[in-house]
Amino acid sequence: MMLLLMIIGLISIATVTRLQVFPDKAIEREIKSIPVLCNNDDDGCKWEGLLKDLKAHLDECEYEKIACIHKNCGEKIPRRDLSKHLNENCGFRSAACQFCKESHPFKDIANHQESCPMAPARCKWCGKKGLTRSQLQDHQHPQTGDCPNMKLPCHFEPVGCTEKLERKQHGDHQKKTITAHLNMVLAMLLQLATNVEGLRDEDVEARENMRAAIPRLDKNLNDQITKVSELERKLSSYQSEGATGSGSSGLKALENRIEQIRAKVEDLIKKLAAWEPRVGTFEGIVAVLNREIEKCSSQMEAYERQRRQDREIIETLERKVRSLERIIALKDVALAEQDLRIQTLELTSYDGILTWKIADFTRKRHDAITGKTASFYSPCFFTSRTGYKMCARIYLNGDGMGKGTHVSLFFVVMRGHYDGLLRWPFRQKVTFMLLDQNNREHVIDAFRPDPTSSSFQRPTSDMNIASGCPLFVPLSQLDSSSHAYVRDDTMYLRVIVDTSDLN
């Protein structure tokens, strides 16, 4: 490993080209011969071996997490638990409906059985059992069903009867309600008669209107015939006059009239000739205006296209802004997490001594009394950089034997990155101190871990079960006027782990 670090240092200093780089088999063999632990060491795998054998081990390691074979499941399970997951826990495992025997995902089987056509059903009308849902629908069909207690509408429903009865009750119902049914039929017939009478009155009125209109139409027709006869007579008279000399004066008058009309037409032609140049000028002006209009129209279309493009650009930029805002929000969250991590690291000690400041004591004690927050944990601390990871847990209103009378303080062994290098079970002496802020009389309690207790074995989860002093200090002593265990709403605790026999 030292050789590898030296080579990396030389490479970082020297300028090396791609052609000067080559595979170093010796270094490769040395790296592959490095002893390593399994990646699943924290989960309980005890394998130790060479780096070159790690991949082969992971391919069969019982603690390696592999994906469920059902693609919609998405869970990753240790290899040793896969069989149990597939047979008992996976929501997408195949399950057969107990009624129709069809296969469905296990998570959907309950919904399927609520509507399964082969599920057993019972007729609510006759109480018949042994039917399936599909058979129940046929059994209760209004026309073809065989349920004796099926409630069907009365045959006189079209005329107003609203009763619904079982098949066997229809005969008695019709016998008992003959009068009522006849009254319903009579009422409907009377209504029909009234409607027919109204139609008859409308028909009579229409006929009378037509009868009154016929003489008027006859008179108009006779008047038109008379006018046509008069026109025919006048036309015959004009034709007779044209055939005799007396009609020459009429023709002369007609020629004079035609001459006058010709003069007016010639005058109009002259006026039109005078207007033609003006019309040509106006046509030129109109043509210019048309070209300007077309030009403006083209410009408007170009502006409209540009506006649409600008709008699309704006929408794209708005989407980018929203995306950047989301990214910034995620970055803010990440920064907040980093700040919290940095603050935690700043408070972390590596000498086996934790000085714990509990601020806002009154509120936290009230939360403990009401049960809102019965307990909380201290920041973690270590016996060394690669030593045991630990924290404290406090109940400000007590726990177990001390509930309601004492402050309970416990010690917790946490899972750390270097647990595989440490001695187990945990055997170090632990001392608790409640600091008197007048520096007069601290409350001190200490204990040595029980090697047989699960609280001090190597952790298999994030933290072991807490162990310590349920009767650490009486609650009444916190309010003592001769001591300052709580001042400015702040309490200080110190946990000291003996590290004298640790390397």
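Where a number appears in this text, it was derived from the coordinates with a stated rule and is not lab data. Note that the structure is predicted; figures quoted are calculated from it, not measured. Cβ coordinates were reconstructed from backbone atoms using ideal geometry, including for glycine residues, and neighbour counts include every protein chain displayed.
Summary table below
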{"read-out": "Placed amide H near Gly398: partners under 5 Å, 5+ positions off or other chain", "value": "Gly404, Ser408"}
{"read-out": "Computed Kirkwood radius, in angstrom, where 1/r is averaged over Cα pairs of the stretch 279-390", "value": "21.9"}
{"read-out": "Hydrodynamic radius by Kirkwood, which averages 1/r over all alpha carbon pairs of the stretch 40-99, in angstrom", "value": "13.2"}
{"read-out": "Coil-residue trypsin sites (Lys or Arg not before Pro) of the stretch 407-503, DSSP, other Cβ within 10 Å capped at 11", "value": "Arg440"}
{"read-out": "Packing-based exposure ordering (other Cβ within 10 Å, fewest first) of Met188, Met491, Met150, Met401", "value": "Met401, Met188, Met150, Met491"}
{"read-out": "Label-point gap, in nm, between Ser500 and Asp339 - each point 7 angstrom along Cα→Cβ", "value": "4.4"}
{"read-out": "For the stretch 349-497, diffusion coefficient by Stokes-Einstein and Kirkwood Rh (Cα), 10 °C, 1.306 mPa s, µm²/s", "value": "100"}
{"read-out": "Förster radius 45 Å - calculated FRET efficiency between Gln98 and Asp41, Cβ distance, rounded to 0.05", "value": "0.50"}
{"read-out": "Per-bin percent of Cα-Cα distances, the stretch 324-375 [10 Å]", "value": "20, 23, 33, 21, 3"}
{"read-out": "Neighbour-limited loop hits for trypsin sites (Lys or Arg not before Pro), the stretch 296-376 (at most 13 other Cβ within 10 Å; DSSP other than H, G, I, E, B)", "value": "Lys372"}
{"read-out": "Per-residue Cβ neighbour rank within 10 angstrom, fewest leading, Asp59, Asp108", "value": "Asp59, Asp108"}
{"read-out": "Rounded FRET efficiency, nearest 0.05, which uses the C-beta distance separating Tyr418 from Arg29 and R0 of 22 Å", "value": "0.20"}
{"read-out": "Net lengthening on full extension, Asn72/Leu324 (0.36 nm per residue, minus Cα-Cα)", "value": "87.5 nm"}
{"read-out": "Stretch gain in nm, segment Glu60-Thr490, where the contour uses 0.36 nm per residue and the Cα spacing is subtracted", "value": "149.4 nm"}
{"read-out": "Mean projected area (nm²) of the alpha-carbon convex hull when the stretch 293-359 is viewed from all directions", "value": "7.5"}
{"read-out": "Simple label model, 7 Å out from Cα along Cβ direction - Asp53 to Lys151, nm", "value": "8.0"}
{"read-out": "Filter on Lys25/Lys65; Lys151/Lys176; Lys124/Lys151; Lys84/Lys107; Lys32/Lys55; Lys25/Lys46 - keep pairs with C-alpha separation over 22 Å", "value": "Lys25/Lys65; Lys25/Lys46"}
{"read-out": "Positive-pole candidate from Phe382, Tyr485, Leu475, dipole of the stretch 349-497, charges at beta carbon", "value": "Phe382"}
{"read-out": "Nitroxide proxy distance, nm - points 7 Å out along Cα→Cβ at Asn256 and Ala287", "value": "5.0"}
{"read-out": "For Lys429, residues with placed amide H under 5 Å, excluding near neighbours", "value": "Asp498"}
